[in-house]
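Working notes, beginning with the structure itself.
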Amino acid sequence: MTGKGMTDEGMTSEGMTGEGGSMREVLRGIEVFPADLPEFDVQAAPDDPVTLFLAWLAAAVRDKVLGPHAMTLATADAAGRVSSRVLICKDVDEDGRWYFASDADSEKGRDLNANPRAAASFYWPSQGRQIRVGGTAVPAGSEASAADFLARPPASRAAALAGPQSGPLAGLAELDAAFRRSAARVDADPGLVAPGWTLYALTADRVEFWQADHQRRHIRLEYRREGGAWARGLLWP
């Protein structure tokens, strides 16, 4: 094996970039932001991050940003090993809680049981916007978890019932068979709830709004909980 990078197709980075090229040059040459970026008037920003988040989300939906409710969630286990994954934000409330769901026995569920500190980020490249949320994530309760599960489409409920999330899988044939069995269970019992399904509430103690600038004069506005109120201030790019 050489030191040359490999792509999905098995090509070396040299083969992909051509003679004399380098992966570094390719990466540095990729356009990051569109020509037109939205303005961010920090002087007009609201006193709380939830109001600003909802305004930015509404703008993303209006501008047809793909999957604006998708967020990257980072967790760490008891030993401090960090992992991240992309999932869907289920709700946001006025108290500064961002909601997401998972099986309690999944990797993220086990992480949160050992260490409830978590961080989430939203990134909308077509607007040059990023939102970072940090805080503590805890179960929202069995009733809320069941309601979230039953609101999922039948195929999503069947997938959650098919097998242990994040557990080893012998092959796709095993997955197909398990999915057929769980889909039959959902059809037979529409009120069936996966035992470990959990809706989590990530209560933020820090929220940052990041607006890109073509001259790299990025605007960063941070909200921090101080007692029962939010304090805000700018950060260096």
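No lab work stands behind these numbers, since they all come straight from the coordinates. Quantities reported herein were computed from a predicted structural model and do not represent experimental measurements. A quick note on method: Cβ atoms are made from the backbone with ideal geometry, for glycine too, and the neighbour counts reach across all protein chains shown.
A few points about this structure:
- Dipole magnitude of the chain about its Cα centre (Cβ charges: Lys, Arg +1; Asp, Glu -1), debye to nearest 20: 260
- Burial order of peptide ranges 198-206, 172-180 (average beta-carbon count within 10 Å, highest first): 198-206, 172-180
- Solution diffusion estimate, µm²/s, Stokes-Einstein, the range 117-180, Kirkwood Rh from C-alpha pairs, 37 °C, viscosity 0.692 mPa s: 216
- Order of S145, S83 under a 10 Å beta carbon neighbour criterion, fewest first: S83, S145
- Packing rank of 115-123, 214-222, where each peptide gets the mean count of other beta carbons within 10 Å, highest leading: 115-123, 214-222
- Residue order, fewest to most beta carbons within 10 Å, for M71, M23: M23, M71
- The chain: relative contact order in percent, alpha carbon pairs under 8 Å with at least 6 residues between: 19
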